[in-house]
Amino acid sequence: MPKTVGVAVSNATFHFDKLYTYAVLPEHQNAVRLGSMVLVPFGKGSRARMGVVLACDAEPEHSKLKYLFDVAPASACLTPELLRLVHFLKERTFCTYYEAVKAVIPYGAQYKPAVAADGVTPVLQKQLTRHTENAYKLVGTLPQKPKPTAKQLAAVALLSGGPRTLNELEDKGISRAVLDNLCTKGVLECSKVNKSIDLYASIPLRNDPITLTEQQQVAYDTLLPKLEDAAPHSALLYGVTGSGKTLVFLKLIARCLELGRKALVLVPEISLTPQMILRLKGQFGRRVAVQHSALNHTERLLQWQMIQDGGADIVVGTRSAVFSPLENIGLIIIDEEQEHTYRSESAPRYSAHEVARQRAAENGALLLLASATPSTESFYATQNGRTQLVRLTKRYGGNPLPSVQIVDMRAELAAGNPREISLALEDAIRRNLEAEKQTILLLNRRGYQTIAQCEDCREVLKCPKCSVPMVYHKSAHKVLCHYCGSQQEPPPTLCPACGGKLQYRGFGTQKAEEELAKLFPEARVLRMDQDSTAAKDAHEKLLAKFAAHEYDIMVGTQMVAKGLDFEDVTLAGVLGIDSLLFAQGFRAYENVFSLITQVVGRSGRAKEPGFAIIQTTDPDNPVLTLAAAQDYDAFYEQEIAYRKLGLYPPFCGLCVIGFAGAKENEVACAAARFSALLGQQAAKQPDLPLRILGPTPGSIEKINDTYRYKLTVKCRNDRRFRDLVRSTLALYEKEKLPSKASVVVDLHSDGDI
């Protein structure tokens, strides 16, 4: 057993994030192992600090070693694969060891420092207490005297089929008193078991046979050898919207389970999770575990424990589910793989694709990316042979793709229609209502009116803490900042700059809801945005109501555009896409193309043909016309040429280094100094391909009273480049610059920070 251990401590800065050597007390010898969560004395005052053991029998730094305070039980130990992921994240994302540990373990499974009952000894305490419940099993026979009651007989009959929990027995009308009485008689035995919640128990297990179309079968047959092979493989399932990619997933998962292996399914956002859970639970039942941020800490912990204990064969969830403690993974599916939500914007700044590729390599698994609009990088990988391309070109059931009309909003204004809903869209919605069909409208902004502008000086009302406009929310009668949450109520009427009158204008989801109510008073309108779905399970409940035809029109932000499948939706409308079309970041066109293709693809997924209307002030824009035609191949050819010309991914790596601090001039100086240090370090390796751009102010210069600058580096994202950045960060720390501006390194950015 280890006498000394190397520990990575919590709250470390980049500069002192290394392994510290501690001695192990005799009573802890058997408990400590690689991956153990520990409590250690740290610093001059020997304050209790959390840590994780990343090395055993570490070389002592000096003779006076401090001893560990406490060790968490073995059940809290990181598995060897999760430990390797901690090192992988540390190396690839410039995070600290403990930030990586917190990414791979849910909050509820983590520990915190506490003090023992003696009021002195530092000990570990779980962030969440373990939830247990009573379980009963039959161990004896029921005596016939005195005569057993009906409830006792019922309890024995139920338990003759195997152990049951108190909850399950109470559901059948058997009280705890009856069970305790039977325990006293020696008929039953009571024990404590981990409480488990079958989160989606209401979903019936249908286990329907999976019937594939001829084209789906070809796709499945093409992918099958890659699944059955023990070596790692990657493939892209590129299918038009409504082509039935999910059925191919289900068949592959079923085969994966037959092979005795496990499957991981990632979806890009919470709004898509309910539909995928429904499909997976309906097909595979209780052995599906769920991991996403809408679960509370207890639910997430219990699901995680179920995965860790081997009780799950399939895990479905959003980005962080890629760290699930699944063993023996045979299949990893990333659905809607082009989505930006697969990239983390806080430390560790990882890409779920990169972590999934690493896990597929370790497990000899098939990594299957799927999309109707693959990211340019993923499609490029299929063109140069790194990833296998599998196509689905027809809609399921032979339905045609929706027909699309582009409406010029400048002409609408000239014709005397000041409203945000064009006459063509109004007519189409009216026809849809008369036919008792449903409509989905995509609008890129939440809130009511997007900006307030002064009639005199033309200044826009901005957040006092951020360099962004405030947004008016009518339902709450206040203006809000969507970045820091600052609010003013009631909304100001006079300009803070010159005292002139403020005019509120623009169009958000709340106003769209109101405009629709005026145009179609008989229609039932559902709004889906961050405001209306903030409550727990709101996504599922609202989508279920829409599916049950309790609403005729759904208007929402990007969450309504992707993956949703409703039989009676025959019309899709796209409003306010122009702000995205002219957005910053090299992926702007790709994002617009994807979003329009996806929202257009929500219509006409059953027997009725679909129709879509795109409203824009730039009707001749090639991105819009290609998205309207659902012509991904032509779009890809245009996009890859632009990327090559401008030297953007996949032709280089893009590293954005962000600086943030309270004083603008200090942040600018710190960013410039980092740029100079990076240039000096790079000059020592003249063969290293590198372009340093900036520093420049961030796309939003100030958020929550913090100024932001960025440096963009076009590079080859390999170990040599990462070592170069690491050495520059060390020099930056040495010059005490972090006190002026904190620094973050993002290797998965859109070029925006």
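Values computed for the structure shown
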| quantity | calculated |
| --- | --- |
| Pick from segment 624-639, criterion within 27 Å of the chain's Cα centre (by Cα) and of a type in the set (A, V, I, L, M, F, W, C), ranking: surrounded by the most Cβ atoms within 10 Å (Cβ to Cβ) | ALA627 |
| Among the candidates THR387, THR373, THR393, THR382, residue that is of a type outside the set (A, V, I, L, M, F, W, C) and within 22 Å of the chain's Cα centre (by Cα) | THR373 |
| Answer residue from segment 117-140, given it is in a loop (DSSP other than H, G, I, E, B) and at pLDDT 90 or above and is nearest to CYS190 (Cα to Cα) among those | VAL139 |
| Among (1) in the same structural domain as ILE253 (by TED's automatic domain parsing); (2) surrounded by fewer than 21 Cβ atoms within 10 Å (Cβ to Cβ); (3) modelled with pLDDT under 95, the one test that LEU392 misses | (2) |
| Segments classed as strands (runs of 3 or more DSSP E), wholly inside segment 413-488, with at least 2 members that are over 30 Å from ALA548 (Cβ atoms) and either without any contact (Cβ under 8 Å) to a residue 40 or more places away in the chain or aliphatic (A, V, I, L, M) (or both) | 451-454, 471-473, 478-480 |
| Qualifying residue in segment 299-314 (condition: buried (at least 19 other Cβ atoms within 10 Å of the Cβ), modelled with pLDDT of 90 or more, within 13 Å of the chain's Cα centre (by Cα) and closer than 22 Å to LEU247 by Cα) | no |
| Qualifying positions in segment 115-151 - closer than 30 Å to ASN167 by Cβ and of a type in the set (A, V, I, L, M) | LEU124, LEU128, ALA135, LEU138, VAL139, LEU142, ALA150 |
| Check on SER603, among the small types (Gly, Ala, Ser), at pLDDT below 95 and assigned to a strand (DSSP E or B) | no |
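The values are calculated or read from the model by the stated rules, or taken from the named source; none is laboratory data. Since the structure is predicted, the reported quantities are computational estimates derived from the model, not experimental observations. So basically every Cβ, Gly included, is an ideal-geometry build from the backbone, and we count neighbours across all protein chains shown.
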